[in-house]
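Colleague: Structure incoming, see below.
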Amino acid sequence: MARALSGVILGGVTLLAVAPAMAQQKALADGPSQSMFARDRNVSVLQRPHPGYEPFPVPLGAFTGLPKLAAGVEANDNIYASQTAKSADTIFTINPEVDLTSNWSRNQLQAYARSASRQYSKHNSESTTDWQVGGAGRLGAGHGNLNAGGDTGYFTEPRTSTNTSHVSAHPIRYTQSNAFVGGMQELNRVRLSARYDYANLDYQNGRDGAGASVFENDRDHHISTVSGKAEYAVSPATAVFVDAAYNEHRYSLTPPSVSTDRNSKGSEVHVGANFDISHVTRGEVEVGYLKQDFASTFGSISGLSAKALVEWFPTQLTTITLNGSRAFQDAAVAGSPAYIAEIVGLQADHELLRNVILTGHVGLENDDYHNVARKDRSTSASVGVKYLLNRLVGVSVSYVYLDQDSSGAAKGPKYTVNRVMASTTLQF
């Protein structure tokens, strides 16, 4: 739940900050818009350009660069995500990044480097600096493209993650590297695509209050996924599709080095539709079946698999986004190799003025753990505002609430966290 939940609880402000980069990455991965499959009839509040407030990219020959620096402060009333021993602190953040994008007409290259530093004023042992570098490229090929990319980084597992150790005196750190290669080809009303993804996660052991090692190396693993998708355009605004994926989760340590074997293989098959209808709504919805088989006595997980992302445009100045999913996730709790995560979120973005954007978000996640009696329920909410002073400076303020509950004989921690954040972003 760590990655899914952290994405939910950041809510609107995070999305405001990264929406342009996300749009660029999606365009790079999916390729240029095609007439029967374009879903750009509507433009959301977060995607809409803001003339007079857009930064000027720095020309670098065949590339353009966009350096950015965000500095902020956060008040957190429960930094350890604890029910009984709550500790509050003020956290100062500095997040520099630079993006490079080619300015070619058809093919494209992108690269980026970013870091995120969190300095705690009272609990210095919680202070961390994360970093990430990566890039991707697209090569046009007929009525389609070939694309590939990758990234690597050094990260901190949030204290709010149910997978993280609450015994460790310091946050758990890990490295993650990702790579992908894929391609897409359009044949009149048919679009075919295929992709291979690889992710490798390497966790560092922690230390408890007495200095003893907190073992985390048993979580080191890599994930390989092969997927394919076939779409048929019913009209220029609607397409139906079928997709399938096969994955393998391989852990570095297996018995007798560790007590249990968490290796697994799984597959998913879905049918769905994507659409961009009139000036009202656009999105993609799919439903299907998943099955994950484990190498040990854990048996298998099977059942419904689903994903949805739908945007509604009641006016040109307001976007309502509904997202949901039901999917398999690796677990790091005793006796359970995985869980099924059911996630739903609702977000509203409103352009109050051309340079003032309001965002509100609510989210709910239910996690049902395999092989142990444990169910987690997380409720989150956030509100935020972003104010663009000019092309160079933007200011944002937000409030984020998280409530974590757990039930069952093997239940996990329960807690609430309140965070108030303010930041200034400089784009040169």
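The values are calculated or read from the model by the stated rules, or taken from the named source; none is laboratory data. In this text the structure is predicted, and so the values were computed from the model without any measurement. Glycine gets a Cβ as well: all are built from the backbone with ideal geometry, and neighbour counts include every protein chain shown.
Colleague: Would you check if there is a residue in the range 392-401 being surrounded by 18 or more Cβ atoms within 10 Å (Cβ to Cβ), of a type in the set (A, V, I, L, M) and touching a Lys or Arg at 6+ places or on another chain (Cβ under 8 Å)? Write out each step before concluding.
Modeller: Restricting attention to the range 392-401, the residues satisfying the condition of being surrounded by 18 or more Cβ atoms within 10 Å (Cβ to Cβ) are 394, 396, 398, 400.
Next, only the ones that are of a type in the set (A, V, I, L, M) stay: 400.
If we keep only those that are touching a Lys or Arg at 6+ places or on another chain (Cβ under 8 Å) as well, we get 400.
Yes, some residue in the range 392-401 is surrounded by 18 or more Cβ atoms within 10 Å (Cβ to Cβ), of a type in the set (A, V, I, L, M) and touching a Lys or Arg at 6+ places or on another chain (Cβ under 8 Å).
Colleague: Let me ask you something else. Right, Leu309: modelled with pLDDT of 95 or more, of a type outside the set (Val, Ile, Thr), assigned to a strand (DSSP E or B) and surrounded by fewer than 18 Cβ atoms within 10 Å (Cβ to Cβ) or not? Don't jump to the end; show me each part of the working.
Modeller: Values: modelled with pLDDT of 95 or more: yes; of a type outside the set (Val, Ile, Thr): yes; assigned to a strand (DSSP E or B): yes; surrounded by fewer than 18 Cβ atoms within 10 Å (Cβ to Cβ): yes.
Considered against the rule, which asks whether it is modelled with pLDDT of 95 or more, of a type outside the set (Val, Ile, Thr), assigned to a strand (DSSP E or B) and surrounded by fewer than 18 Cβ atoms within 10 Å (Cβ to Cβ), Leu309 comes out as yes.
Colleague: With the structure loaded, tell me whether Ala373 is surrounded by fewer than 17 Cβ atoms within 10 Å (Cβ to Cβ), in a loop (DSSP other than H, G, I, E, B) and among the aliphatic types (A, V, I, L, M) or whether it fails that test. Please lay out each step first, then the result.
Modeller: On the way: surrounded by fewer than 17 Cβ atoms within 10 Å (Cβ to Cβ): yes; in a loop (DSSP other than H, G, I, E, B): yes; among the aliphatic types (A, V, I, L, M): yes.
Against the criterion (surrounded by fewer than 17 Cβ atoms within 10 Å (Cβ to Cβ), in a loop (DSSP other than H, G, I, E, B) and among the aliphatic types (A, V, I, L, M)), Ala373 qualifies.
Colleague: Would you confirm whether any residue within the range 146-153 is surrounded by fewer than 18 Cβ atoms within 10 Å (Cβ to Cβ), touching a Lys or Arg at 6+ places or on another chain (Cβ under 7 Å) and within 23 Å of Leu69 (Cα to Cα)?
Modeller: No, every residue in the range 146-153 fails to be surrounded by fewer than 18 Cβ atoms within 10 Å (Cβ to Cβ), touching a Lys or Arg at 6+ places or on another chain (Cβ under 7 Å) and within 23 Å of Leu69 (Cα to Cα).
Colleague: Looking only at the range 346-359, which residues are under 17 Å from Leu322 (Cβ atoms) and surrounded by 18 or more Cβ atoms within 10 Å (Cβ to Cβ)?
Modeller: Within the range 346-359, Gln347, Ala348, Asp349, Thr359 meet the criteria.
Results for (1) within 25 Å of Val395 (Cα to Cα); (2) at pLDDT below 95; (3) outside any loop (DSSP other than H, G, I, E, B), shown as yes or no for each residue.
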residue: Gln83; (1), (2), (3): no, yes, no
residue: Ser87; (1), (2), (3): no, no, no
residue: Ser105; (1), (2), (3): no, yes, no
residue: Arg118; (1), (2), (3): yes, no, yes
residue: Asp130; (1), (2), (3): yes, no, yes
residue: Gly137; (1), (2), (3): no, no, yes
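Colleague: Quick check on Pro49: is it modelled with pLDDT under 95 and exposed (fewer than 15 other Cβ atoms within 10 Å of the Cβ)?
Modeller: Values: modelled with pLDDT under 95: yes; exposed (fewer than 15 other Cβ atoms within 10 Å of the Cβ): yes.
Judged against the criteria, Pro49 is a match.
Colleague: Given the criterion among the β-branched types (Val, Ile, Thr), closer than 16 Å to Ala308 by Cβ and touching an Asp or Glu at 6+ places or on another chain (Cβ under 8 Å), identify the matching residue among Ile357, Ile343.
Modeller: Values: Ile357 fails: closer than 16 Å to Ala308 by Cβ.
Criteria check complete, one pass: Ile343.
Colleague: Residue check: is Ala212 touching a strand residue (DSSP E or B) at 6+ places or on another chain (Cβ under 9 Å) and either surrounded by 16 or more Cβ atoms within 10 Å (Cβ to Cβ) or at negative phi (or both)?
Modeller: Numbers: touching a strand residue (DSSP E or B) at 6+ places or on another chain (Cβ under 9 Å): no; either surrounded by 16 or more Cβ atoms within 10 Å (Cβ to Cβ) or at negative phi (or both): yes.
The answer is no for Ala212.
Colleague: Next question, about the same structure. In this structure, is Ser325 of a type in the set (Ser, Thr, Tyr), at pLDDT below 95 and in contact with a strand residue (DSSP E or B) (Cβ under 8 Å, 6 or more places away or on another chain)?
Modeller: Details: of a type in the set (Ser, Thr, Tyr): yes; at pLDDT below 95: no; in contact with a strand residue (DSSP E or B) (Cβ under 8 Å, 6 or more places away or on another chain): yes.
For Ser325, the condition - of a type in the set (Ser, Thr, Tyr), at pLDDT below 95 and in contact with a strand residue (DSSP E or B) (Cβ under 8 Å, 6 or more places away or on another chain) - is not met.
Colleague: Condition (residue is of a type in the set (Asp, Glu), in contact with a Lys or Arg (Cβ under 6 Å, 6 or more places away or on another chain) and assigned to a strand (DSSP E or B)) applied to the range 313-335: is it met by at least one residue? Show your work before the answer.
Modeller: Step one: filter the range 313-335 for residues of a type in the set (Asp, Glu), giving 330.
Next, from what is left, pick out any that are in contact with a Lys or Arg (Cβ under 6 Å, 6 or more places away or on another chain): none.
No, the conditions are met nowhere in the range 313-335.
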